[in-house]
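Since the structure comes first, as structure tokens, the remarks are kept for the end.
The values are calculated or read from the model by the stated rules, or taken from the named source; none is laboratory data. Since the model is a prediction, treat every value here as computed from it, not as a measurement. So basically every Cβ, Gly included, is an ideal-geometry build from the backbone, and we count neighbours across all protein chains shown. To get the accessible areas, we keep the full protein, side chains included, count just its heavy atoms, and leave off ligands, DNA and RNA. Shrake-Rupley method; radii C 1.70, N 1.55, O 1.52, S 1.80 Å.
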Amino acid sequence: MLKALSRPAVKLVERYLPDPYIFVLLLTVIAAVAAIAVERQTPLAVMRMWGDGFWGLLTFSMQMLLVLVTGFMLASSPPVKKLLQRLAALAKGPGGAILLVTYVSLAASWINWGFGLVVGALFAKELARLVKVDYRLLVASAYSGFVVWHGGLAGSIPLTIATDGHFSADQIGVVGTGSTIFAFFNLAIVVCLFIVIPLVNRLMLPDDKESVYVDPKLLADDEETRVRIHRPADRLENSTTLAWLVGIPGLLFLLDHFLLRGGGLNLNIVNFLFLFLAIVLHRTPRSLLTSLNEAIKGGAGIVIQFPFYAGIMAIMVQSGLAASMSEALVSFATETSLPFWSFISAGIVNLFVPSGGGQWAVQAPVMLPAAEALGVDVSRVAMAVAWGDAWTNLLQPFWALPVLAIAGLKAKDIMGFCLIQLFITGAVIAIGLTWF
């Protein structure tokens, strides 16, 4: 049945889903028109919101570009390539490849979302070199595991409300991760998704005549050329000693960060880890730079699109549109249904504000008073917003950009499969938030 359902979904998306750049332009127009029509903002005010907020994600944009680049450099190092090859060899046939890449992506995304995006995509490429399997579904499976990130160790909303001095601390206090990430209802949702998502991906596997394969030769790495030393600069570029003089202290800094200072994972630390592991494992600066030149080719979408999303977020937040959407959806909620409607509202807002931390700042002033008025557990409502933020990433191509860049595909190639996962995972999460 899922195979039959995925077929028209894939064709529909391939036909009508535009390039992510077109998607962000359309969202910009929709957000601006809605702010004028619904919130009674003037066109001049909306234009100023958009323009003033356009560069608000520059730091985040660079972080995301580095997720792609450093992750690629790490995975292209000789030791990691050998590890991925051995792991990929465990797949026995196309069905096994789909299951294996989904499990790897789920586990990596639960640990850290940036780690999951890069590892899933790179592992999918490695599997495609060894197994004849529909490449679109393979990459979609790698991306589908991303849906668990906000219920995992790096979830921005549960980590925010567990931090002393967070912006709503006066209202709800500090909510520990034992009530959010490690609460029974959240772990139950995660376990169910670890079962359901791989199974759904496997059941969507197209027949051989409908599958789209990729030539393994197109995924193969360029053959290494023999290093020739003609000048002193060549010796520096191919010096293992120089690379390790910088790389090893970087890794020692990480040991100090985690073991002696008790630091945690965040996006900067993940990128730092990827970069300095890559420096050490590539052994020479020249090898690293060769990998960098290959990695940077896929970053164009991130560079051009993220500023537009920053502008959209500014319109949604400053005009009051995001708050109005949330209020409308929770206005008729009951004590039982508030987590469900919080989840749905977060999923809708996420299409325009694809940032977990930013979304919580927008929706918390609406959701927290509603939870207190109805006597609903605040931690469950917070996780409902977190899951809604993660859920519609299966439809929103914003977060798929690093995956698509690494895999060499377009959004329309994978989003048909993700659309099926959107409905199924949405049902699982909604049930978990309401009844677990």
Do the conditions hold for Ala430, that is, is it part of a helix (DSSP H, G or I), at pLDDT 85 or above and surrounded by fewer than 23 Cβ atoms within 10 Å (Cβ to Cβ)? yes
Applying the selection to the range 68-116, what residues are open to solvent by 10 Å² or more (accessible area, probe 1.4 Å), at pLDDT 85 or above and not in a helix (DSSP H, G or I)? Ala89, Leu90, Ala91, Lys92
Residue identified as at pLDDT 90 or above and among the basic types (Lys, Arg) among Arg235, Arg231, Arg283: Arg283
Just the residues that are out of contact with any Leu (no Cβ under 9 Å at 6 or more places or on another chain) and at pLDDT below 90, please, taken from the range 26-65. Gly56, Leu57, Leu58, Thr59, Ser61, Met62, Leu65
Name every residue in the range 329-350 that is modelled with pLDDT of 85 or more, touching a Ser or Thr at 6+ places or on another chain (Cβ under 8 Å) and either open to solvent by 20 Å² or more (accessible area, probe 1.4 Å) or on the phi > 0 side of the Ramachandran plot (or both), in order of residue number. Thr336, Ser337, Phe340, Ile348
Which condition number in (1) over 30 Å from Thr434 (Cβ atoms); (2) at pLDDT 85 or above; (3) buried (at least 17 other Cβ atoms within 10 Å of the Cβ) is the one that Leu289 fails? (3)
Whichever residue in the range 362-421 is open to solvent by less than 10 Å² (accessible area, probe 1.4 Å) and among the aromatic types (Phe, Trp, Tyr) and, among such residues, is farthest from Ala322 (Cα to Cα): Phe417
Of these, Val119, Val147, Val131, which one is open to solvent by 10 Å² or more (accessible area, probe 1.4 Å), of a type outside the set (D, E, K, R) and at pLDDT 90 or above? Val131
Conditions (1) open to solvent by less than 60 Å² (accessible area, probe 1.4 Å); (2) over 30 Å from Ala384 (Cα atoms); (3) modelled with pLDDT of 90 or more; (4) among the hydroxyl-bearing types (Ser, Thr, Tyr); number of the one not met by Ser319: (2)
Given (1) in contact with a Pro (Cβ under 9 Å, 6 or more places away or on another chain); (2) closer than 23 Å to Tyr309 by Cβ, identify the lone condition not met by Ala333. (2)
If the Cβ limit is 8 Å and pairs must be 6+ apart or interchain, which residue in the range 148-172 that is over 17 Å from Asn350 (Cβ atoms) and free of Cβ contacts under 8 Å to residues at least 12 places away in the same chain pairs with which residue that is among the polar types (S, T, N, Q) and open to solvent by 40 Å² or more (accessible area, probe 1.4 Å)? His166/Thr160
Inspect the range 242-250 for any residue being open to solvent by less than 70 Å² (accessible area, probe 1.4 Å), out of contact with any helix residue (DSSP H, G or I) (no Cβ under 6 Å at 6 or more places or on another chain), at pLDDT 90 or above and on the phi < 0 side of the Ramachandran plot and give the result as yes or no. yes
Being hydroxyl-bearing (Ser, Thr, Tyr) and either modelled with pLDDT under 90 or within 26 Å of Leu12 (Cβ to Cβ) (or both), is that true of even one residue in the range 366-381? no
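Is there a residue being closer than 23 Å to Val69 by Cβ, of a type outside the set (Lys, Arg) and over 22 Å from the mean Cα position of the chain (by Cα) anywhere in the range 293-315? Before the answer, list the steps.
Filtering the range 293-315 down to residues closer than 23 Å to Val69 by Cβ leaves 293-310.
Subsequent filtering for residues that are of a type outside the set (Lys, Arg) retains 293-296, 298-310.
Filter once more, so that each one left must be over 22 Å from the mean Cα position of the chain (by Cα): 293.
Scanning the range 293-315 turns up at least one residue that is closer than 23 Å to Val69 by Cβ, of a type outside the set (Lys, Arg) and over 22 Å from the mean Cα position of the chain (by Cα).
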